[in-house]
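Coordinate-derived values only; no laboratory data. Just so you know, these numbers come straight off a predicted model, no measurement behind them. Because the Cβ atoms are built from the backbone with ideal geometry, glycine has one as well, and the counts that use them run over all protein chains shown.
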Amino acid sequence: MAELKKISTEKAPAAIGPYSQAIICGDTVFTSGQIGIDPACGEITGKDVREQTEQVMQNLCAVLAAAGTSMENVVKTTCFLADIADFAAFNEVYGKYLTEKPARSCVAAKALPKCALVEVEVIAKIG
């Protein structure tokens, strides 16, 4: 079995529960879901889905960088929206960061932590 390595960076919000920001297994990194928390203040800063998605993507970039990879190596995303009506606005920001168009699931969730409007997790190759 491959060794598991926990990833943690101060450039993304600390985990708000019993989990890691990400785990590396072999040459793959699995991130935990990120919501629009600004790591500098520990609070959700965006007022709408575009602003929150921007922060989510910045958080994911920081976690991936700490794992030795980047958005260009993302192979799968799972996205959760508090309101599916925000789908188009979410895609506008998401598409700026994930230009390689990885596989994706995107669903509406009844509620997200801290009343967030969006949460995204990714799986990426390292290297």
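Count the net charge of all other residues whose Cβ sits under 13 Å from the Cβ of THR78, scoring Lys and Arg as +1 and Asp and Glu as -1. Mind dumping the intermediate values first?
Values: positive: LYS76, ARG104; negative: GLU119, GLU121.
Neighbourhood net charge equals 0.
Measuring from each cysteine beta-carbon in the chain, the ones with no other cysteine beta-carbon under 4.7 angstrom are CYS25, CYS41, CYS61, CYS115.
If you plug the beta carbon distance of ASP38 and LEU4 into 1/(1 + (r/R0)^6) with R0 = 25 Å, you get a FRET efficiency near 0.30.
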